[in-house]
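To start, the structure itself, in structure tokens.
The values are calculated or read from the model by the stated rules, or taken from the named source; none is laboratory data. Values in this document were obtained by computation on a predicted structure and should not be read as measured data. Here the Cβ positions follow ideal geometry from the backbone for every residue, glycine too, while neighbour counts run over all protein chains shown.
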Amino acid sequence: MIRTACPLDCWDACAITCDPSRPGKPVATPGHPYGNGALCALLNKYMHETPRLERPRVDGKEVSMEEALAAAAEALKAPDPLLWRGSGNLGVMQQVTDLLIGKLGGTLTHGSLCDGAGNAGILEGRGVNRQLPPEQIARAEVVVVWGRNLPVTNSHLLPFIEGKKLVVIDPVRTSFAKKADLHIQIKPRTDVYLALLLARFLTMEDTQNDEWLEEWGTEFDEFYDFTRSFRIKALLEYMGLGLDDIGDLLTYLQRDRVVFLVGAGVQKYSIGHYALWAIDSLAATLGLFGREGCGVSFLGSSRRGFENPFSVRTKTVPVATTPFERYETVLVQGGNPAGSMPGSNRVEESLKQVKNLIYFGLHEDETSRLARIVIPAKSFLEKRDLRLSYGHQYVEPMNLCIESDIGISEYEFTAEMFRRLGLEGLRSEEEYLSAWVDQCKEEGGQLLLPDYDPLPYHDGFGEDGGEEFVFMDDFDDDFEDTRRFRKARKRKQKEEEITEFWLLSPKYHKSLNTQFRRNARVHLPPSLGIGEGEWVRLSSEFGELKLEAHVDDSLRPDCVLVYAGTPGINRLTPPILSEEGDGACYQEVKVRVERSEE
Ligand SMILES: Nc1nc2c(c(=O)[nH]1)N[C@H]1C(S)=C(S)[C@@H](COP(=O)(O)OP(=O)(O)OC[C@H]3O[C@@H](n4cnc5c(=O)[nH]c(N)nc54)[C@H](O)[C@@H]3O)O[C@H]1N2
Ligand SMILES: Nc1nc2c(c(=O)[nH]1)N[C@H]1C(S)=C(S)[C@@H](COP(=O)(O)OP(=O)(O)OC[C@H]3O[C@@H](n4cnc5c(=O)[nH]c(N)nc54)[C@H](O)[C@@H]3O)O[C@H]1N2
Ligand code: SF4
Ligand SMILES: [Mo]
């Protein structure tokens, strides 16, 4: 039996055991501290059934791997090649290609399509983003799931929260929200206000954690004053919530051991960093950091604490708004920018201007179809790697499970390019893998992240601990003029007259971003009066898209939903960056909805 791990971009990073005589049937590693004995259908079914890219191509013609690598090497001789890497495989060895770009004096990307804004908000308050271990989550009494859809995106955490009081804060009445003790069907993009309001009420009821604040949050009084600069009534009206909703929430928050499980949903906006900063500030009001059974969980930075053997000093451009057209050669690896980046119309135009677009991936998609050179990658079962997780502390080596003639691994590709371009200094695959593994902690044969702390922030904040929490102290937002709420009242009274809808794009259970079985419908609230199966045209200032309608009573009247990964969704989304963290802002957009011909 051979041990590996699921490479997919998922909180769970499941440990896998592979029987080489049954290569198509990997199973969950028995007895793993995070697993529940099962893998999900994404890996077992939808990935398995998705056709692989098998033959390399150059200029639309199938060629041998030798010819494709020669063409890639020739293309990489252009000045300043750009590498745009996605998150199709989360193994650390994906990053080995940075060494190539470093040697060639090329350009890499910075920022994120995913958690950039939220991560920036965490850094504001805590100075460092440490993961909350699932074992602490298991000790909580109350679990507040805030913009994360556990059954779809993070199903292996469910056993850890079984039997606890469950509060869900989500604009969609998901099947998970239906099971909660309390569901707040929040208006999108208002989590900052809700968090600040809750902190204010907790303090008005004198239920802030004075003991904790004296040690780690002495600027709390200024924060309380800041929360008071918003008008309660106007805020509630704008959010569409009543005092009873706030009262209900407070009774859960005032319990002893509370965790917040925050997801990507709250931060897909220009103000995304404020959402995490406000939620963290609320948590600090309750003294939830560094206490057993308490804390705030978000996507953690799994590479923290490692000395990264692949780090190079180069120029970078933002990953969410990359100006591809400026480069003669672009290498796209493990990503599908033409489908996954915001503002697809711009992205497509920009990619078409690239002379040598090299696509290095597993499946045919929007980007491979635009590429001049297509290089099939090896799948995770066919190469060696190491899997870290953004959701827990366990680290898994990924061993070779199957030999295959298809594709090339990222390490081999890099080695080939070094050889063909006469570059020097690449160490062996084994050396790089050891460089990562050797830095991990180990407990009873299980590898752990180097900076794993069973009780994060118990000794304070900042890189080295000892510092205080920094409370949120400002908030500027001009997207909806929310500070003054002039239009809010009118809008609420005339719900039937809504002409522009929030475009939600949460994750879909059969696809992993743009891989596997992608949905192709728009979910509409019944109040729109459009029937099941009718065709509609969605439009925003960035583009338009026609989709078949699915009537969905789990939606608020002011929202429509198109799952992330739906072909064309990002024609509607804005090519902008979050105020902090250079993150994509997929939901900073409203769309018009009209009936249309197919
Ligand atoms: N509208 C909207 N868009 C979104 C989001 C949203 O919420 N709304 N979410 C965003 C988020 S959170 C993310 S993380 C991004 C993800 O966006 P991307 O990083 O672009 O990921 P995918 O679209 O899944 O494409 C993954 C690619 O990796 C390739 N691949 C898989 N395994 C390997 C491998 O081992 N080696 C190589 N070389 N290639 C491999 C596959 O062929 C596929 O082309 O999408 C973002 N897009
Ligand atoms: N099946 C599956 N699993 C995945 C992925 C996938 O594509 N498919 N993608 C993986 C990736 S790349 C990531 S980053 C993670 C993300 O994992 P999650 O954070 O769970 O991702 P989302 O589905 O984007 O958003 C979660 C919830 O936020 C809600 N939401 C939307 N807007 C708001 C808002 O303004 N406020 C609040 N409070 N909630 C809001 C949505 O309705 C949704 O239920 O999932 C990973 N797991
Ligand atoms: S739950 Fe996530 S990590 Fe586990 S098998 Fe499924 S996709 Fe992979
Ligand atoms: Mo993501």
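Tabulated data for the structure shown
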| quantity | calculated |
| --- | --- |
| Subset of the range 1-47 [more than 15 Å from ligand 2 (Cβ to nearest atom) and either part of a helix (DSSP H, G or I) or of a type in the set (S, T, N, Q) (or both)] | T4, T17, S21, T29, N36 |
| Looking only at the range 74-121, and only at residues there that are among the acidic types (D, E) and under 26 Å from the mean Cα position of the chain (by Cα), the one that is nearest to ligand 3 (Cβ to nearest atom) | D115 |
| Breaking point among (1) assigned by TED's automatic domain parsing to the domain that holds Q94; (2) farther than 19 Å from R303 by Cβ, for R427 | (2) |
| The range 169-201 - residue that is part of a strand (DSSP E or B) and in contact (Cβ under 8 Å) with a residue 24 or more places away in the chain and, of those, farthest from the chain's Cα centre (by Cα) | L182 |
| Total residues in the range 76-99, condition within 27 Å of P342 (Cα to Cα) and assigned to a helix (DSSP H, G or I) | 7 |
| One residue from F176, F220 being within 16 Å of ligand 3 (Cβ to nearest atom) and crowded, with 19+ Cβ neighbours inside 10 Å | F176 |
| Given (1) under 23 Å from T153 (Cα atoms); (2) within 12 Å of ligand 1 (Cβ to nearest atom); (3) in contact (Cβ under 8 Å) with a residue 60 or more places away in the chain, index of the condition S554 fails | (2) |
| Complete set of residues in the range 416-441 that are over 27 Å from the mean Cα position of the chain (by Cα) and among the polar types (S, T, N, Q) | S428, S434 |
| Hey, R346 more than 30 Å from D459 (Cβ to Cβ), out of contact with any helix residue (DSSP H, G or I) (no Cβ under 7 Å at 6 or more places or on another chain), not aliphatic (A, V, I, L, M) and not assigned by TED's automatic domain parsing to the domain that holds R126 or not | yes |
| Enumeration of residues in the range 3-59 that are surrounded by 15 or more Cβ atoms within 10 Å (Cβ to Cβ), within 20 Å of A138 (Cβ to Cβ) and of a type in the set (A, V, I, L, M) | A13, A15, A28 |
| Subset of the range 450-471 (residues that are of a type outside the set (D, E, K, R), assigned to a loop (DSSP other than H, G, I, E, B) and surrounded by 14 or more Cβ atoms within 10 Å (Cβ to Cβ)) | P450, Y452, L455, P456, Y457, G460, G462, G465, F469, V470, F471 |
| Filter result (more than 14 Å from ligand 2 (Cβ to nearest atom), in a helix (DSSP H, G or I) and touching a helix residue (DSSP H, G or I) at 6+ places or on another chain (Cβ under 9 Å)) within the range 129-158 | P134, E135, I137 |
| Residue among T107, T97 that is buried (at least 18 other Cβ atoms within 10 Å of the Cβ), away from ligand 1 (no atom under 16 Å from the Cβ), closer than 28 Å to E328 by Cα and polar (S, T, N, Q) | T107 |
| Options P26, P7: the member that is within 16 Å of ligand 3 (Cβ to nearest atom), at pLDDT below 95 and over 13 Å from H156 (Cβ atoms) | P26 |
| Where C14 falls short, out of the listed (1) out of contact with any Leu (no Cβ under 6 Å at 6 or more places or on another chain); (2) more than 16 Å from ligand 4 (Cβ to nearest atom); (3) in contact (Cβ under 8 Å) with a residue 24 or more places away in the chain; (4) under 22 Å from I402 (Cα atoms) | (1) |
| Boolean, A68 is part of a helix (DSSP H, G or I) and not polar (S, T, N, Q) | yes |
| Among the residues listed as D210, D244, D256, the single one being farther than 28 Å from G163 by Cα and among the acidic types (D, E) | D210 |
| Helices (runs of 4 or more DSSP H) fully within the range 272-379 counting 1 or more residues that are β-branched (V, I, T) and either under 24 Å from the mean Cα position of the chain (by Cα) or within 23 Å of E541 (Cα to Cα) (or both) | 272-285, 344-352, 366-370 |
| A13 within 9 Å of ligand 3 (Cβ to nearest atom) and either touching a helix residue (DSSP H, G or I) at 6+ places or on another chain (Cβ under 8 Å) or over 18 Å from G88 (Cα atoms) (or both) | no |
| Residue in the range 33-41 that is polar (S, T, N, Q), in contact with a helix residue (DSSP H, G or I) (Cβ under 8 Å, 6 or more places away or on another chain) and not assigned by TED's automatic domain parsing to the domain that holds F160 present | yes |
| Flag for K510 being more than 28 Å from Q95 (Cβ to Cβ), surrounded by fewer than 18 Cβ atoms within 10 Å (Cβ to Cβ) and at pLDDT 95 or above | yes |
| Hey, I358 among the β-branched types (V, I, T), within 25 Å of A564 (Cα to Cα) and touching a residue at least 60 places away in the same chain (Cβ under 8 Å) or not | yes |
| Selection status of I402, of a type outside the set (G, A, S), at pLDDT 95 or above and in the same structural domain as A70 (by TED's automatic domain parsing) | no |
